[in-house]
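Student: One structure coming up, written as C-alpha cells, with questions to follow.
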Amino acid sequence: MFVQVIQGKVSDAAEAHTALDQWARELAPDATGWLGSTAGVTRDGQFIAVARFESEDAARHNSERPEQDAWWAQTSKLFTDEPTFKESTDVDVDLPGDPDKARFVQIIQGRSSDPARARELMQDNPEDWGKFRPDVLGSVGAGHDGGAYTAVLYCASEAEAREGERKEMPPEVQAQMAEMGKLEIGEPTFLDITEPWLYSPR
C-alpha cells in the first residue's frame with residue numbers, strides 16, 4: 001500500500017469539503033488503484049487528507065492525469081499557506097471494525113528513535129487493545145523519512161474516544177505505551193477531526 005498525506009491551513013472548511021466531494025464524485029471513478037481517503041479540518045483550520053493507493057505507481061499515475069492537475073490547481077487556492085506533502089510505502093492497517101462508520105478521527109504525527117520497535121509494539125496484543133479501546137474501529141500507520149510517522153485512528157465517536165482515553169490501562173497495554181513513549185523524539189502532534197470526510201471506492 002502507498003499513502004499520501006497532504007496538510008496545511010485553509011480559510012474555509014466548507015469549501016475544502018466541497019473540493020474533496022468533487023474529487024470523489026468526478027475523479028475517483030477513474031483513479032486506478034485508489035483505496036480510499038480520509039480528510040477533514042481541525043477546529044483551528046488545519047486541513048489534512050490521507051489518501052491510500054494500492055501502490056506508488058498507482059498514485060503516480062493518478063497524479064499525472066490532466067484532470068487531477070486541473071482539480072489541484074483550483075483546490076490549492078484554498079490554502080492560506082503552502083501545503084505539505086508526505087508519502088509512505090511503509091504502511092500498516094488494522095481493521096477491527098468498519099472505519100467508514102467513524103464519526104471521529106484522530107491523527108497523530110511524531111518521530112520515533114526506533115520505528116521498527118514502535119511498529120512491533122503497536123502490533124502486540126491486539127485482543128487486549130480491542131478490549132481496552134472498543135471505540136477504535138481501525139487504524140492506518142505510515143512511516144516517513146527520518147523516523148517520522150502519521151497514525152490515523154478511526155473512532156466510533158468523539159465522546160467514546162474521550163471516554164477511552166480516560167480509562168485505566170491494563171498492565172500489558174500500559175507497559176507497551178510506556179516503552180513507546182521512551183522511543184518518541186519530542187512531543188507528538190494530535191489533529192482531531194470532529195467531522196471526518198470518509199471516501200472509499202464502494
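The values are calculated or read from the model by the stated rules, or taken from the named source; none is laboratory data. Bear in mind the structure is a predicted one, so any value in this text is a computation, not a measurement. Cβ atoms come from the backbone with ideal geometry, glycine included; neighbour counts cover every protein chain shown. Side chains included, ligands, DNA and RNA excluded: accessible areas come from the protein's heavy atoms. Shrake-Rupley method; radii C 1.70, N 1.55, O 1.52, S 1.80 Å.
Student: Please state which one of K131, K86, K77 is closer than 15 Å to A49 by Cβ and either within 17 Å of the chain's Cα centre (by Cα) or not aliphatic (A, V, I, L, M) (or both).
Tutor: K86
Student: R103 - would you say it is at pLDDT 95 or above, open to solvent by 60 Å² or more (accessible area, probe 1.4 Å) and not aliphatic (A, V, I, L, M)?
Tutor: Considered against the rule, which asks whether it is at pLDDT 95 or above, open to solvent by 60 Å² or more (accessible area, probe 1.4 Å) and not aliphatic (A, V, I, L, M), R103 comes out as yes.
One line per residue, one yes/no per condition, for (1) open to solvent by 80 Å² or more (accessible area, probe 1.4 Å); (2) assigned to a helix (DSSP H, G or I):
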residue	(1), (2)
E120	yes, yes
E127	yes, yes
A161	no, yes
V173	no, yes
M177	no, yes
E187	yes, no
L191	no, no
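Student: Note down all Cβ pairs under 6 Å where the first residue falls in segment 11-36 and is open to solvent by 40 Å² or more (accessible area, probe 1.4 Å), the second is part of a helix (DSSP H, G or I), and they're at least six residues apart or on different chains.
Tutor: Going by the 6 Å Cβ cut-off, the qualifying pairs are E15/L78; T32/A58.
Student: Restricting attention to segment 71-80, does a residue exist that is part of a loop (DSSP other than H, G, I, E, B), charged (D, E, K, R) and open to solvent by 60 Å² or more (accessible area, probe 1.4 Å)?
Tutor: no
Student: When you check I108 against the structure, is it open to solvent by less than 60 Å² (accessible area, probe 1.4 Å), within 21 Å of P201 (Cα to Cα) and touching a residue at least 60 places away in the same chain (Cβ under 8 Å), yes or no?
Tutor: For I108, the condition - open to solvent by less than 60 Å² (accessible area, probe 1.4 Å), within 21 Å of P201 (Cα to Cα) and touching a residue at least 60 places away in the same chain (Cβ under 8 Å) - is not met.
Student: Look through E168, E184 and report the one residue that is free of Cβ contacts under 8 Å to residues at least 60 places away in the same chain, more than 30 Å from A28 (Cβ to Cβ) and of a type in the set (D, E).
Tutor: Just a single option satisfies the conditions, and that option is E168.
Student: Exactly one condition in (1) farther than 23 Å from G186 by Cα; (2) touching a helix residue (DSSP H, G or I) at 6+ places or on another chain (Cβ under 6 Å); (3) open to solvent by 30 Å² or more (accessible area, probe 1.4 Å) is false for G138; which is it?
Tutor: For G138, the failing item is (3).
Student: While we're looking at this one, here's another question. I'm trying to understand the selection: among the residues of segment 83-118, which are part of a helix (DSSP H, G or I) and of a type in the set (K, R)?
Tutor: K101, R117
Student: Which of (1) touching a strand residue (DSSP E or B) at 6+ places or on another chain (Cβ under 7 Å); (2) part of a helix (DSSP H, G or I) is the odd one out, the single condition R25 does not satisfy?
Tutor: So the condition that R25 fails would be (1).
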